[in-house]
Amino acid sequence: MSLSTLRSNALLNKRILSFMLFTFVVYLTIGLPLAVLPGFVHNTLGYNSVLAGLVISVQYFSTLISRPHAGRYADLLGPKRVVIFGLICCGVSGIFYAMAFWFSAFPLVSLLMLCVGRVFLGVGESFGSTGTTLWGIGAVGAKHTARVISWNGVATYGAMAVGAPLGVLLNHAYGLMGVAVLITVAAAFAAILACMKAAISVTAGKRIAFKAVVGRIWLYGLGLGFGTIGFGVIATFITLYYADKGWSGAAFTLTLFSLGFVGARLIFGNMINRFGGLRVSLVSFVLEVAGLLMIWWGQDPLSVQLGAFLTGSGFSLIFPALGVEAVKQVPPQNQGTALGLYSAFLDLGLGITGPVAGLIISHFGTPSIYLAAAFMVVIAWLLTLRLWVNTSRQTPV
């Protein structure tokens with residue numbers, strides 16, 4: 001690779017990263033309270049662990065419902081406005097967390113404040129993350145869509161990895177108030193930076209109907225949703241898996257999953273442009289299935305850790321690879337709607353993983369969910385194979 005090409009890639013990445021700051025802040029506000037709120041609800045307010053879990057889930061449902069609207073408004077108003085609105089919602093969530101802390105002597109009021117804050121955070125995630133991706137694509141060009149989506153994922157998981165332990169430290173030092181203040185300040189700072197950044201023009205032209213967008217991208221979204229289940233069962237249940245086995249090191253297993261995820265995006269992200277999103281997805285699903293089967297069959301912590309690393313590496317490129325193909329199915333003026341709908345399948349996959357996996361565990365034991373997840377990823381592979389075959393038939397020789 002020539003020096004000029006390396007320099008051009010470096011400048012391109014620098015420009016993309018200037019937008020990914022907003023995604024980082026959005027997911028920092030998500031990561032900061034993640035490990036803090038269940039303890040606050042259970043230990044401070046005195047509610048049971050079920051309610052503690054439901055408070056966390058409020059955000060996921062809010063994100064799922066609002067994600068398609070985020071893409072539609074990005075198409076209509078431009079992604080800059082959508083990002084600023086999303087960051088403001090993230091900041092407002094911090095204000096409601098602070099109010100929950102102030103009213104902790106009144107448990108029901110405090111709980112309601114937390115739920116309202118989680119709703120705002122879910123909307124903030126939808127608008128901030130979807131808008132940032134579309135803003136970045138619009139700024140650097142559609143041919144770099146895969147790279148923008150890949151860097152968006154790195155910013156997402158990097159922020160979550162930083163936010164969760166930082167939130168615990170702040171909670172130990174200042175309680176929930178410390179977490180709430182940092183969320184509000186970080187979101188306000190990012191919103192100011194977003195206001196100072198140049199907007200991109202809204203693509204003119206007749207937009208196809210919302211129903212038509214759904215019809216064109218739903219198979220890609222379904223593949224993403226099934227593929228996400230592997231991530232969901234590791235993130236949610238790996239600690240329980242280790243406890244059932246009597247092992248230690250569950251946290252390190254999650255770290256290895258994250259390393260595989262980020263490493264694959266950084267090293268192999270360009271493969272999507274070279275070989276196409278569907279081919280990359282087919283290979284990625286195979287890696288994810290292999291990793292999940294290693295965890296299911298795991299006889300010792302090392303094999304499970306290797307399985308988690310392999311699963312993370314396989315899952316890494318699925319979102320950008322299928323996402324690139326999904327947005328190709330609609331005209332430019334509908335790409336925001338398409339990306340929002342496509343992303344909603346990820347939220348849906350994560351949303352249903354917890355209760356369904358819990359039901360499977362109650363009947364067949366914890367390891368069984370990794371076998372079940374592998375089966376779901378096989379279905380995702382078959383859906384993607386169908387899409388690839390159909391696309392190959394339509395491509396002129």
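The values are calculated or read from the model by the stated rules, or taken from the named source; none is laboratory data. Bear in mind that the values here come from a model prediction, so they are computed numbers and not experimental data. Note that each Cβ is placed from the backbone with ideal geometry, even for glycine, and that neighbours are counted across all protein chains shown. These accessible areas exclude ligands, DNA and RNA; they are computed on the full protein's heavy atoms, side chains included. Shrake-Rupley method; radii C 1.70, N 1.55, O 1.52, S 1.80 Å.
In a DSSP loop and with at most 13 other Cβ atoms within 10 Å, there are no trypsin sites (Lys or Arg not before Pro) in segment 251-340. For Asn273 and Ala105, the FRET efficiency from 1/(1 + (r/R0)^6), where r spans their Cβ atoms and R0 equals 41 Å, is about 0.15.
Highest mean first, how do 348-356, 247-255 rank when packing is the count of other Cβ atoms within 10 Å averaged over residues?
Put in order of decreasing packing, that is 348-356, 247-255.
Considering the zone a paramagnetic label at Lys245 would reach in this model (a point 7 Å from Cα along the Cα-to-Cβ line), which residues of segment 363-389 have amide N under 14 Å from it? The answer is 366-371.
Taking Ile65, Ile379, Ile217 and ordering them by how much accessible surface each has at a 1.4 Å probe, largest first, produces Ile65, Ile379, Ile217. Were the residues from Val283 through Ala212 laid out at 0.36 nm apart, the gain over their Cα-Cα distance would be 22.6 nm.
Compare Gln299, Gln333, Gln59 in a GNM of the chain, Cα atoms joined below 10 Å, and give the one with the largest fluctuation. Residue with maximal mean-square fluctuation among Gln299, Gln333, Gln59: Gln299.
Apply the a/c threshold of 1.5 to the C-alpha gyration tensor of segment 240-289 and tell me whether it is rounded, prolate or oblate.
Details: a/c = 6.34, a/b = 2.38, b/c = 2.67.
Cα axes put segment 240-289 in the oblate bin.
Carbon and sulfur: what percent of segment 213-338's accessible surface (1.4 Å probe)? Percent of accessible area from carbon and sulfur atoms in segment 213-338: 68. Measuring only protein heavy atoms, the 1.4 Å probe finds Met99 accessible over about 50 Å².
Assuming a ≥ b ≥ c are the square roots of the Cα gyration tensor eigenvalues, decide whether segment 57-178 counts as rounded (a/c under 1.5), prolate (otherwise, with a/b larger than b/c) or oblate. Prolate is the answer for segment 57-178, as a/c is 1.5 or above and a/b outweighs b/c. Seen through its C-alpha gyration tensor, with square-root eigenvalues sorted a ≥ b ≥ c, segment 138-203 comes out oblate because a/c lies at 1.5 or above while a/b is not bigger than b/c. Counting 0.36 nm for each residue step from Ser201 to Ile65 and taking away their Cα separation leaves a gain of 46.3 nm. The distance between label points at Leu382 and Leu266 comes to 3.7 nm (points 7 Å beyond Cα on the Cα→Cβ vector).
On a 1.4 Å probe surface of the protein chains, which of His172, His144 comes out largest in accessible area, and what is the full order? Numbers along the way, then the final one.
Details: His172 145, His144 40 Å².
Solvent-accessible surface, decreasing: His172, His144.
I'd like to compare 124-134, 301-311: which one has the highest average count of other Cβ atoms within 10 Å, and what's the full order after that? If you can, show how the numbers build up before the last one.
Details: 124-134: 30.3, 301-311: 21.4.
Ranking the peptides 124-134, 301-311 by packing returns 124-134, 301-311.
In percent, rounded to a whole number, the relative contact order of the chain is 23, using alpha-carbon pairs under 8 Å and six or more apart.
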